[in-house]
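*Asks:* Before I ask anything, here is the structure I am working with.
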Amino acid sequence: METKALFIFEMMGRPPEHIKIALSELIDKLGEQKSINIIRKEIHEPKPVEKEGVKDLFTTFAEVELIADNINIIFDITFSMLPSHVEILKPKEIELKNFDLSSIVSNLAVKIHKYDEIAKISIMEKNILINRLKEAQEKINNLENSVKVEDEEENKKDKKKSKKKVKEKK
């Protein structure tokens with residue numbers, strides 16, 4: 001059953017003309033699929049990100065209205081392109097077969113597992129880096145302490161030499 005939907009896609013980056021072109025190309029690629037007919041697209045002008053400490057970063061978004069051959073394609077677009085908003089415009093009511101719903105839920109589960117894996121790997125890598133930084137800091141501290149001790153010993157020797165020279169002069 002044909003499904004009409006409105007998607008909003010957002011993009012952030014720099015320079016502003018690049019993100020506008022990249023967003024346009026993303027939408028054009030979406031429209032090349034046989035099972036999708038884009039009936040309206042509006043790409044908004046990039047605007048600077050207004051956040052403290054953020055410089056030269058821009059954001060833009062596009063509204064894309066399309067007709068897909070079936071609801072599964074709407075879900076595929078959502079899972080693969082991660083729009084910030086999806087609104088099903090037509091049909092008003094959707095009847096799904098058990099097989100179609102199972103397919104949708106399975107695709108969602110696969111996507112969630114991939115993100116979970118990425119998150120776990122990122123956490124593990126972060127912890128490894130933190131441990132390496134701690135080890136490096138300890139080595140730096142030990143090195144600084146050994147240099148201080150050597151400097152103190154050198155100062156003591158210099159003082160003894162100075163005292164000896166003063167005594168010799170007397």
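The values are calculated or read from the model by the stated rules, or taken from the named source; none is laboratory data. Not measured: the values here are computed from a predicted model. Cβ placement follows ideal geometry from the backbone for every residue including glycine, while neighbour counts extend to all protein chains displayed.
*Asks:* Would region 110-120 turn up any residue that is over 30 Å from LEU30 (Cβ atoms) and either in a loop (DSSP other than H, G, I, E, B) or without any contact (Cβ under 8 Å) to a residue 12 or more places away in the chain (or both)?
*Replies:* Quick first cut of region 110-120, residues over 30 Å from LEU30 (Cβ atoms) only: 120.
Right, trim to either in a loop (DSSP other than H, G, I, E, B) or without any contact (Cβ under 8 Å) to a residue 12 or more places away in the chain (or both) and you get 120.
Scanning region 110-120, I find at least one residue that is over 30 Å from LEU30 (Cβ atoms) and either in a loop (DSSP other than H, G, I, E, B) or without any contact (Cβ under 8 Å) to a residue 12 or more places away in the chain (or both), so the answer is yes.
*Asks:* Give the residues of region 44-99 that are exposed (fewer than 12 other Cβ atoms within 10 Å of the Cβ) and of a type in the set (A, V, I, L, M, F, W, C), sorted by residue number.
*Replies:* Correct list: VAL54, LEU82, PHE99.
*Asks:* With the condition kept exactly as written, say whether any residue in region 59-79 is closer than 26 Å to VAL110 by Cα, of a type in the set (Val, Ile, Thr), in contact with an Asp or Glu (Cβ under 7 Å, 6 or more places away or on another chain) and modelled with pLDDT of 95 or more.
*Replies:* Yes; the residues of region 59-79 include at least one that is closer than 26 Å to VAL110 by Cα, of a type in the set (Val, Ile, Thr), in contact with an Asp or Glu (Cβ under 7 Å, 6 or more places away or on another chain) and modelled with pLDDT of 95 or more.
*Asks:* For region 39-54, what are the residues that are closer than 12 Å to SER24 by Cα and assigned to a strand (DSSP E or B)?
*Replies:* Hits for region 39-54 are LYS41, GLU42, ILE43.
*Asks:* Quick check: is even one residue across region 101-108 under 30 Å from GLU32 (Cβ atoms), over 28 Å from the mean Cα position of the chain (by Cα), modelled with pLDDT of 90 or more and not in a helix (DSSP H, G or I)?
*Replies:* no
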